[in-house]
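Participant: Here it is: the structure, laid out below.
Values quoted throughout were computed directly from the atomic coordinates according to the rules given, and no laboratory measurement underlies them. These numbers were taken from a predicted model, which means no experiment stands behind them. Here the Cβ positions follow ideal geometry from the backbone for every residue, glycine too, while neighbour counts run over all protein chains shown.
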Amino acid sequence: MIRFENVSKTYPNQVRPALQEMSLEIERGEFVFVIGSSGSGKSTFMRLILREERPSTGRVVVAGKDLNRLSNWKLPQHRRLIGTVFQDFRLLPNKTVYQNVAFALEVIGRPKGQIVKVVPEVLELVGLAGKEDRMPNELSGGEQQRVAVARAFVNRPMILIADEPTGNLDPETSVGIMKLLDRINRTGTTVVMVTHDQAIVNQMRKRVLELDQGTLVRDQARGVYGYVR
Ligand code: ADP
Ligand code: ADP
């Protein structure tokens, strides 16, 4: 589903590469944690998958497509394969829960009949049935993140990228969000999640990619957060 072949990325006017000679493969349906301290290259890794950045050298292949060869007019189509969830939720503050999710489908031109069918389904899936008409500021952090997950998933993307999705949530609420991401993963969606949350990584025992100063220093199946090398 995602393949990095010797990928290096050096930003303009930078000396040290943000990502260095990275090679790996993530299969369809995997759940992968990406860990590493600030500045280790995690966001760069995610941005390369979304083709928000291009590699300086090497190749990124997503869903069989070499992103170096992807023309700009095909970018929206590429990004539609990938749902994104962020630490700060990024909901539209003036839209209801229902409208936040429906909007994701409206902008890609889905017919109304389909929207009114699938939005309630996905809100049910994330545990927000009955809260359709709430505004984001009337929701708890955990509920807001559920809306964000619903919005990311409503289009049934092949890949879900989550950038510290539990970073603003207390431990209990975080467990709820992880259960949700796990459920989405079990529908066949590949999940790639950046996190600093040790407890979650240690509980879930999924594949762990650890970056250190742009280098992939660990790729561990059923991994843990801290690792004695
Ligand atoms: P992380 O997400 O792990 O904090 P990043 O991928 O954001 O790491 O950053 C990796 C390195 O690349 C850092 O040294 C950072 O300063 C640098 N970097 C990130 N984005 C840019 C950019 N747009 N321009 C220049 N340097 C950048
Ligand atoms: P608009 O896009 O015109 O601003 P809305 O997004 O509020 O309107 O509603 C679009 C459609 O979605 C309407 O036909 C309505 O039936 C449906 N809808 C809106 N809110 C809800 C809800 N909470 N539950 C079920 N259907 C809803």
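Participant: Which angle between 0 and 90 degrees, to the nearest 10, do you get for helix 171-186 versus the longest principal axis of the chain when only C-alpha atoms count?
Facilitator: Once rounded, the angle reads 80 degrees.
Participant: Please compute the length gained on full extension between Asn68 and Ser8, using 0.36 nm multiplied by the number of residues separating them and subtracting their Cα-Cα distance. Can you show the working numbers first?
Facilitator: Values: separation 60, 0.36 × 60 = 21.60 nm, distance 1.31 nm.
Net length gain for the segment: 20.3 nm.
Participant: Something else now. Report the label-to-label distance for Arg222 and Arg54 in nanometres (one decimal), using points 7 Å from each Cα along the Cα→Cβ vector.
Facilitator: Result for the modelled spin labels: 4.2 nm.
Participant: Show me, for the range 116-127, the HN-Hα J-couplings you get by feeding each phi into the Karplus relation (A = 6.51, B = -1.76, C = 1.60, θ = phi - 60°), rounded to Hz, glycine and proline as x.
Facilitator: Working through the residues one at a time gives 5, 7, 7, 4, x, 4, 6, 5, 5, 4, 8, x Hz.
Participant: Dipole size in debye (nearest 20) for the range 92-156 around its Cα centre, Lys and Arg Cβ +1, Asp and Glu Cβ -1? Don't jump to the answer; show the numbers that get you there.
Facilitator: Numbers: 9 positive and 7 negative charges, 43 e Å.
About 200 debye.
Participant: Over the range 1-143, how many pairs of lysines fall under 26 Å by alpha carbon, counting only those 8 or more apart in sequence or from different chains?
Facilitator: 12
Participant: Given an 8 Å cut-off on Cα distances and at least 6 residues of separation, report the relative contact order of the range 42-170 as a percent. Show your work: numbers first, answer last.
Facilitator: Working: 145 pairs, mean separation 43.2, N = 129.
Once normalised by length, the contact order is 34 percent.
Participant: Kindly identify the range 33-97 as rounded, prolate or oblate by the Cα gyration tensor criterion: order the square roots of the eigenvalues as a ≥ b ≥ c, call it rounded if a/c is under 1.5, otherwise compare a/b with b/c, prolate if a/b is larger, else oblate.
Facilitator: On the way: a/c = 2.58, a/b = 1.26, b/c = 2.05.
It is oblate, given that a/c is not under 1.5 and a/b is not larger than b/c.
Participant: Please compute the contact order of the range 14-77 in relative form: average sequence separation of alpha-carbon pairs under 8 Å and at least six residues apart, divided by the residue count, as a percent. Please report the intermediate quantities before stating the final value.
Facilitator: On the way: 31 pairs, mean separation 13.9, N = 64.
So the answer I get is 22 percent.
Participant: OK, next. So, counting K/R as plus one and D/E as minus one, what does the shell of residues with Cβ under 12 Å around Arg205 add up to? It would help to have the intermediate numbers written out before the result.
Facilitator: Details: positive: Lys206, Arg207, Arg222; negative: Asp182.
Local charge sum for Arg205: +2.
Participant: Given a cut-off of under 8 Å on Cα pairs at least six residues apart, what relative contact order in percent is computed for the chain?
Facilitator: Values: 421 pairs, mean separation 62.1, N = 229.
So the answer I get is 27 percent.
Participant: Quick one: if the Förster radius is 35 Å, what FRET efficiency do Asp212 and Asn137 give, using the C-beta to C-beta distance and rounding to 0.05?
Facilitator: 0.35
Participant: If we count every other residue with Cβ under 10 angstrom of Met158's Cβ, Lys/Arg +1 and Asp/Glu -1, where does the sum land? Please list the in-between numbers first.
Facilitator: On the way: positive: Arg28, Arg80, Arg156; negative: none.
The answer is +3.
Participant: Can you give me the angle between helix 97-106 and the longest principal axis of the chain, using Cα atoms only, in degrees from 0 to 90, rounded to the nearest 10?
Facilitator: On a 0 to 90 degree scale, this one is about 60.
Participant: Cut-off 16 Å, label point 7 angstrom out along Cα-to-Cβ of Ile108: give me the residues of the range 125-164 whose amide nitrogen falls inside.
Facilitator: Residues passing the 16 Å test: 148-162.
Participant: With springs only between Cα atoms under 10 Å apart, run a GNM on the chain and tell me which of Asp133, Asp197, Asp219 wobbles the most.
Facilitator: Highest fluctuation of the listed residues: Asp133.
Participant: Counting only DSSP beta bridges with both residues in the range 152-229, what percent are antiparallel, rounded to the nearest 5?
Facilitator: Working: 5 of 10 bridges.
Given both bridge residues lie in the range 152-229, the antiparallel proportion sits at roughly 50 percent.
Participant: Hey, another quick one. Farthest toward the dipole's positive end in the chain, which of Val191, Gln144, Val201, given Cβ charges of +1 (Lys, Arg) and -1 (Asp, Glu) about the Cα centre?
Facilitator: Val191
Participant: What is the sum of charges, Lys and Arg at +1 and Asp and Glu at -1, for the other residues whose Cβ falls under 15 Å from the Cβ of Arg110? Walk me through the intermediate numbers first.
Facilitator: On the way: positive: Arg80, Lys112, Lys117, Arg151, Arg156; negative: Glu106, Glu121.
With Lys, Arg at +1 and Asp, Glu at -1, the net is +3.
Participant: Based on Cβ point charges of +1 for Lys and Arg and -1 for Asp and Glu, what charge dipole magnitude is obtained for the chain about its Cα centre, in debye rounded to the nearest 20? Spell out each step's value before the answer.
Facilitator: Details: 33 positive and 25 negative charges, 154 e Å.
Dipole about the Cα centre, nearest 20: 740 debye.
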